[in-house]
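Take a look at the structure set out below.
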Amino acid sequence: MHMIQNSAARRDLALGVIVVALLGAVTAAFPQFARPVNLAEILDDSAILILLALGQMIVILTRGIDLSIAANLALSGMLVALFNKNYPEAGVLPVLLIAIASGAFLGAINGLLVWRFKLPPIVVTLGTMSVYRGLIYLLSGGTWVNDNQMSPSFLDFVRHQVLGLTTLSWLAIAGIALAALLMRYTVTGRDLYAAGGNPAAASYTGIDPGRMQCLAYTVCGAIAGLCGYLWVARFAVAYTDIALGFELQVIAACLIGGVAIAGGVGTVAGVVLGCLFIGIIRNALPLIGVSPFWQMGINGLVIVIAAVLSARRREDKRAILETSPA
Amino acid sequence: MAAALEPVTAQPVLNLTQVRKSFGGVHALRDANLDLYAGQVTALIGENGAGKSTLVKILCGIHQPDGGEILLDGRSIRVRDPEHARRLGINVVHQECVVFDNLTVAENIFVSARPRKGRFIAWSEMRKRAAEILRQLDVSFSPDTPAGQLSVAQKHIVQIARALTSQARVLILDEPTAALSHREADDLFRIARRLRDAGCALLFISHKFEEIFALADRYAVFRDGASVGSGMIAGTGSEQLIRMMVGRSVEQLFPKLETTLGEELLRVESLSREREFDQVSFSVRQGETLGIYGLVGAGRTELAQCLFGLSTPDAGAILVGGQPVSIRSPADAVAQGLAYVPEDRQQQGAILAFPIAANVALTNLSTLAPRGICSRERESELAHHWISALGVKATGPEQNVGDLSGGNQQKVVLAKWLARSPRVLILDEPTKGIDVGAKSAVHAVTSAFAQRGNAVVMISSELPEILGMSDRILVMRRGRVRALFNRAEATAENIVQAATGA
């Protein structure tokens, strides 16, 4: 590959080796772990995280951050749960469209605030995170939507199996493929990297970094909206606090996957591996008799170790002296 | 149209007439006129702040002019944005390198015109065409290299390569050699000549006269945002160009006080720091103001930062009051009676979000809070004293520094240091970007400080300030001391000559 001299590709490779080694180690102790059924379960379990992390990656690439991603998911999820409760005969297609549109709308609000008012992304999304959570309460009156209030098609869509994998897993796979295509082979994708890598240079070459940020938030929001439906259908319940705090796990997956919080650096492969890493640990811990509450600690440790390893002091070389005499 | 009557060859590719631009009441360009011809290199010459960079930004669509006319091939144009400029065939190699460190060379070259197959980027074609352009330019690096691994010179070449992806009518080189070695600069000139011979109109912005005479066919001189002369380089001498650059109609008034020189306060002997400055020696006495002049990048700020302990010298000695001292941190420097007012007032000088009182107190906490407990009253008292002593225009000690004008911010930074009663005050571009009234107030303060038996080291790029305020003037170029003038013998011409190496 031409890209192998790129440090991001090297990091992806290293993380891939770690994930495979991890899988191998757990399998050595518990052979049933690598059974296709169990692996399919891990993928199903990680699918929403993967989709969300891909959205979050696009935002972080452009030097933003979306703290409202889980609140957006919860609000969009509640919206479609209520829609399904009131119009159970409408089927899944309108549900999907509403979820994506609602998520994109909420994401675009973030994007416009960041772009048009030049507000710091962390402030904007911290604010909208609370607002979106509050809106769920207003929308639902604080009540739950339970599985007996959801139509069978609404619930079954995510569970339907094709070739041994659930629709949810297939959606994640499709998301990965689309994201890889977008980020590498389209002008928009490359502009996203450019805008985050060096905003000044981007505007000098005619790319508007603010516009790219707004686009990133909208795409991320649309994904969060879709995941809202997937989450509600998978867990068969909708209430105010679903996915509470999940945004931190999404950001953790991105960071483990090598996305630079300073923007401009990050790959689809890295993010997917980061999610699988979290997914494997989460599924393996109960097997080896460790409380899943260690999960957060392990995630944190990996982030810190990765940060230490990639922190290389760059000497600021200011060349003023003539190197060859006049 | 008059231009149509002239022979075709004499028609400029790009013609600017009376272009104007101001920022918040400050005129960056008042009356800019410029002609660029196909197959010729025009050198744009002017002091720092003459309006050269503003002109470049107008030509590449980053700024919109307030007035005047720009003609491209005789047709009036308005450059909307950088993308539009590129489509018009106007390409710029910017002074500060604008490449994307995380992207490959190939992608950097094609960043605004990526070759596509349908809706998707054709990476192999991009790589092939980038390799082709790099071969044309006769350079050795591969199109797959991440741009972050390139040297500054190579990054400039990537920017030039960008211009070659489309029909470049006009190529602007904005001080491309500022950070380059001679050999790297020669490489760049070879490429520039090749483009010129291919019929491109080049605008070359540089402070270095040897380069101007080596590369340019024509010159255009700007001063204070207006064109003051243009013509052919052949038959023109550097003295003539310098006179046009610095000649000022209005002599600004500088309130320099008469002082008597006393003992030596600071002596620097053969101070060197790799890649920054080399073998710098000077001394400054009680009552004296030593001006340090040089172009941007001459190593003056690096020297000042080293004196103040922000970096450590590789070799040489610093003597304070005749005693050699070791300055390893700003705290050491302060303990030796040094004070440093940095160039970037807003980032390094003042804390904008703090009130005046807190800013002034910052350097004086040891006296204000001897047992580590701050006293609002004492802080406020001190601030009151300095607000009236320096004539800071503010509502009171509690006003945030960020709400003050640039000149008054600078007075607060000065107050912060003067309150400590230092012996040597190092000023780095002390009046950059502040209005004339505040300028002379700052000069009055520093001059009075010197008169009280202290010393001032003043780095400045403004010739009138250097000439008006200094007792002696040290000129640096590329990290070395090139000349030292007494007040009586210093003229704008000999200073600029020493600074540019003309």
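The values are calculated or read from the model by the stated rules, or taken from the named source; none is laboratory data. Nothing here was measured: the structure is a model prediction, and the numbers come from that model. Cβ atoms come from the backbone with ideal geometry, glycine included; neighbour counts cover every protein chain shown.
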Among B:L257, B:L241, B:L290, B:L310, the single one that is at pLDDT 95 or above and either closer than 24 Å to B:P422 by Cα or in the same structural domain as B:V56 (by TED's automatic domain parsing) (or both) is B:L290
For the stretch B:179-191, does any single residue satisfy the condition of being in contact (Cβ under 8 Å) with a residue 40 or more places away in the chain and either in the same structural domain as B:V296 (by TED's automatic domain parsing) or under 27 Å from B:V79 (Cα atoms) (or both)? yes
Within the stretch B:257-291, the residues that are within 14 Å of chain A (Cβ to nearest Cβ) and not in a loop (DSSP other than H, G, I, E, B) are B:L271, B:S272, B:R273, B:F277, B:D278, B:Q279, B:V280
Filtering the stretch B:460-480 for residues that are crowded, with 22+ Cβ neighbours inside 10 Å and within 14 Å of another protein chain (Cβ to nearest Cβ) leaves a count of 3
Exactly one of A:A29, A:A47 is under 27 Å from A:N283 (Cα atoms), more than 14 Å from chain B (Cβ to nearest Cβ), touching a residue at least 12 places away in the same chain (Cβ under 8 Å) and in contact with a strand residue (DSSP E or B) (Cβ under 9 Å, 6 or more places away or on another chain), and that residue is A:A47
Does B:G229 meet the test of being more than 23 Å from B:A163 (Cβ to Cβ), surrounded by fewer than 18 Cβ atoms within 10 Å (Cβ to Cβ) and outside the structural domain of B:M458 (by TED's automatic domain parsing)?
yes
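Condition check ((1) surrounded by 22 or more Cβ atoms within 10 Å (Cβ to Cβ); (2) over 24 Å from A:L73 (Cα atoms); (3) over 16 Å from the mean Cα position of the chain (by Cα)) across all residues:
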residue: A:A177; (1), (2), (3): no, no, no
residue: A:R184; (1), (2), (3): no, yes, yes
residue: A:A194; (1), (2), (3): yes, yes, yes
residue: A:N198; (1), (2), (3): yes, yes, yes
residue: A:A201; (1), (2), (3): yes, yes, yes
residue: A:G206; (1), (2), (3): no, yes, yes
residue: A:M212; (1), (2), (3): yes, no, yes
residue: A:A216; (1), (2), (3): yes, no, no
residue: A:C220; (1), (2), (3): yes, no, no
Those strands (runs of 3 or more DSSP E) completely within the stretch B:16-91 that have 3 or more residues that are free of Cβ contacts under 8 Å to residues at least 24 places away in the same chain are B:75-77
Flagged pairs (Cβ under 7 angstrom, 6 or more apart or on separate chains; first in the stretch B:278-291, touching a residue at least 24 places away in the same chain (Cβ under 8 Å) and over 10 Å from B:A450 (Cβ atoms); second among the polar types (S, T, N, Q) and part of a strand (DSSP E or B)) are B:D278/B:S272; B:Q279/B:S270; B:Q279/B:S272; B:S281/B:S270; B:G291/B:S460
Log entry, pairs with first residue in the stretch A:178-206 being at the interface with chain B (Cβ under 7 Å from one of its Cβ atoms) and closer than 13 Å to A:R63 by Cα, second being buried (at least 24 other Cβ atoms within 10 Å of the Cβ) and at pLDDT 90 or above, beta carbons closer than 6 Å, six or more apart or on different chains, reads A:A194/B:F100; A:G197/B:F100; A:N198/B:F100
Those residues of the stretch B:481-502 that are surrounded by fewer than 20 Cβ atoms within 10 Å (Cβ to Cβ), touching a residue at least 60 places away in the same chain (Cβ under 8 Å), touching a Phe, Trp or Tyr at 6+ places or on another chain (Cβ under 8 Å) and more than 14 Å from every other protein chain (Cβ to nearest Cβ) come to a total of 1
If we ask which residues in the stretch B:22-79 are under 16 Å from B:A216 (Cβ atoms) and in contact with a Ser or Thr (Cβ under 6 Å, 6 or more places away or on another chain), their number turns out to be 1
Checked pairs for the stretch B:320-331, first in contact (Cβ under 8 Å) with a residue 12 or more places away in the chain and not assigned by TED's automatic domain parsing to the domain that holds B:G309, second of a type in the set (D, E) and surrounded by 10 or more Cβ atoms within 10 Å (Cβ to Cβ), C-beta under 9 Å and 6 or more apart or across chains, list as none
query = If you go through the stretch B:94-106 one residue at a time, do you hit one that is within 24 Å of B:F204 (Cα to Cα), in contact with a helix residue (DSSP H, G or I) (Cβ under 6 Å, 6 or more places away or on another chain) and away from chain A (no Cβ under 14 Å)?
reply = no
For the stretch A:119-130, pairs from a residue that is farther than 22 Å from A:P209 by Cα to a residue that is buried (at least 19 other Cβ atoms within 10 Å of the Cβ) and of a type in the set (K, R), with Cβ under 9 Å and 6 or more apart or across chains, are none
- Does B:G237 meet the test of being under 27 Å from B:E462 (Cα atoms), more than 14 Å from every other protein chain (Cβ to nearest Cβ) and in contact with a Ser or Thr (Cβ under 7 Å, 6 or more places away or on another chain)? no
Among residues of the stretch B:110-145 being within 31 Å of the chain's Cα centre (by Cα) and within 19 Å of A:T186 (Cα to Cα), the residue farthest from the other protein chains (Cβ to nearest Cβ) is B:F110
If you go through A:A224, A:A262, the only one that is under 11 Å from the mean Cα position of the chain (by Cα) and either farther than 17 Å from A:I303 by Cβ or surrounded by fewer than 24 Cβ atoms within 10 Å (Cβ to Cβ) (or both) is A:A224
The one condition A:I69 fails out of (1) of a type in the set (A, V, I, L, M, F, W, C); (2) within 29 Å of A:L192 (Cα to Cα); (3) surrounded by fewer than 24 Cβ atoms within 10 Å (Cβ to Cβ) is (3)
B:G316 passes all but one of the listed conditions (1) buried (at least 18 other Cβ atoms within 10 Å of the Cβ); (2) out of contact with any Gly (no Cβ under 7 Å at 6 or more places or on another chain); the exception is number (1)
